[in-house]
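The block underneath contains the structure these notes are about, expressed in structure tokens.
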Amino acid sequence: MRTISIEKTLSAFSAFETTGTVVGCAPYGNGHINDTFLVNCQDINGEKRYILQAVNTNVFKKPTQVMHNIQKVTSFLREHTNDTRHVLSLVYAKDGRSHHTDGEGRVWRVYDFVEDSLCLESPECCEDFYQSAVAFGDFQKRLSAFPVDELFEVIPDFHNTPDRYCKFLQAVQEDVCGRAADVREEIAFVKARASFFSLLADAHREGRLPLRVTHNDTKMNNVMLDKHTRSALCVIDLDTIMPGFSVNDFGDSIRFGASTAAEDETNLSKVSLDISLFEMYVKGFLAGCGGMLTAEEIELLPEGAKMMTIECGMRFLTDYLQGDVYFKTKYDNHNLVRCRTQFKLVADMEEKWAQLKAIVRKYR
Ligand code: ADP
Ligand code: GN1
Ligand code: MG
């Protein structure tokens, strides 16, 4: 795991137009990609908190394009709301830029901390999950008027599942760490579902699934809820906003939030799809989208859930085979543990398939 010294972190922070004196700075959150810090500042008016992040340039090869997208999208969203806590707010660097590049080429950015908020790893009740669904649905609805050609595709083929499958097969073949022999069962699980991977791409090619501006990383911990009312406040982690399929935004939320266990649960008997959370999310997402989804998109929501879950499991397995070079890991086989929960969830979705389809038809 990468570590950045406190001196370098504070020096980066000093490049931004913030207020007060720094009184605390510590790693923050459970993201798998960026290095995130909570910085506490103090001035005569009291305390002010900031989120400082070093953008992962191994993942985002063109960080200035990421910052361009975030700047455009947050400005657009701010035009349509009066409440500052409803949109992520970038704090600009003293040189007027949206980011600061340090002497070692690290790219930093600062956001206002969304105060009086909750960020949950998993919903504590159905209503929390419903609220996150409304937030992501509404996010998509509000961005439906956004000029998509102004966005860079910051990670090409991010949710191109057939392409992810090709990269997975290559990783199996190269087997650079000699780990493939130990994961034969997991490899077979993926290969047995090869014909499924092109389902959404085919629907798009046939004109049945439109491209929209999507978030592409709709985990429960990428949405903030109001601490007091527990209602949806703000969608965060805007790095991967790109053109994509609505059903994948729906699907990634189900993968992460409608599981009965954490993404890295080691006891697989605890992992399954919670049908009532699934139904809650369908209701909330459709309410948030406010009628903008086509009947075909609604019909394909379960396919989006299965696609995002198998794709994510395949990505974890690919990273495990390649020596854990992409996702942050906390122990040796962390990616393998994550991959196994995803495959268990896929198998459970397959068993509950008729129920999932019936639920979305009920709301269509
Ligand atoms: P990653 O891409 O690594 O997941 P995120 O942008 O999601 O990075 O940030 C990691 C965590 O930091 C989030 O899950 C959330 O808990 C917290 N966080 C990020 N931005 C803010 C913010 N503006 N206000 C409060 N908490 C935030
Ligand atoms: C990463 O950044 P974070 O932790 O919200 C990843 C997602 C995966 C997710 C799995 C840019 O999300 O695509 O679905 O981990 N983000 C990127 O938990 O690869
Ligand atoms: Mg995140």
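The values are calculated or read from the model by the stated rules, or taken from the named source; none is laboratory data. Note that the structure is a prediction, hence the values are computed from the model and not measured. Cβ: placed from backbone, ideal geometry, glycine included. Neighbour counts: every protein chain shown.
A few comments on the model shown:
- Verdict on R315 being under 24 Å from D182 (Cα atoms), under 17 Å from the mean Cα position of the chain (by Cα) and among the charged types (D, E, K, R): yes
- Hits in region 221-247 - residues which are touching a strand residue (DSSP E or B) at 6+ places or on another chain (Cβ under 8 Å), more than 8 Å from ligand 1 (Cβ to nearest atom), aliphatic (A, V, I, L, M) and over 12 Å from A133 (Cα atoms): I241, M242
- Matching residues in region 130-157 - criterion: being surrounded by fewer than 20 Cβ atoms within 10 Å (Cβ to Cβ) and within 14 Å of ligand 1 (Cβ to nearest atom): I155
- Set side by side, the residues D239, D217, D163 differ, and just one is within 16 Å of ligand 3 (Cβ to nearest atom) and in a helix (DSSP H, G or I), which is D239.
- Residues that are surrounded by 22 or more Cβ atoms within 10 Å (Cβ to Cβ) and either away from ligand 2 (no atom under 15 Å from the Cβ) or assigned to a strand (DSSP E or B) (or both), drawn from region 220-236: V223, M224, L225, A232, L233, C234, V235
- Filtering L169, L120 for residues that are under 17 Å from the mean Cα position of the chain (by Cα), farther than 22 Å from F60 by Cβ and either of a type in the set (D, E) or modelled with pLDDT of 95 or more (or both) leaves a single hit, L120.
- Against the numbered list (1) within 16 Å of ligand 3 (Cβ to nearest atom); (2) in a loop (DSSP other than H, G, I, E, B), E124 comes up short only at (1).
- Flag set for V73, criterion: within 20 Å of R142 (Cα to Cα) and either aliphatic (A, V, I, L, M) or surrounded by 14 or more Cβ atoms within 10 Å (Cβ to Cβ) (or both).
- Put simply, of K62, K48, K72, K8 the only residue that is basic (K, R), within 27 Å of G323 (Cα to Cα) and either within 13 Å of ligand 1 (Cβ to nearest atom) or over 18 Å from the mean Cα position of the chain (by Cα) (or both) is K62.
- When D249 is tested against (1) over 26 Å from N69 (Cβ atoms); (2) within 12 Å of ligand 2 (Cβ to nearest atom), exactly one condition is not met: (1).
- Tallying residues that are more than 16 Å from ligand 3 (Cβ to nearest atom), among the small types (G, A, S) and either within 25 Å of N335 (Cα to Cα) or touching a residue at least 24 places away in the same chain (Cβ under 8 Å) (or both) within region 29-66 yields 0.
- A single member of L321, L300, L273, L317 is at pLDDT 95 or above, within 12 Å of K357 (Cα to Cα), crowded, with 24+ Cβ neighbours inside 10 Å and not polar (S, T, N, Q), and it is L300.
- Scanning region 102-129 for residues that are aromatic (F, W, Y) and surrounded by 23 or more Cβ atoms within 10 Å (Cβ to Cβ) returns W108, F129.
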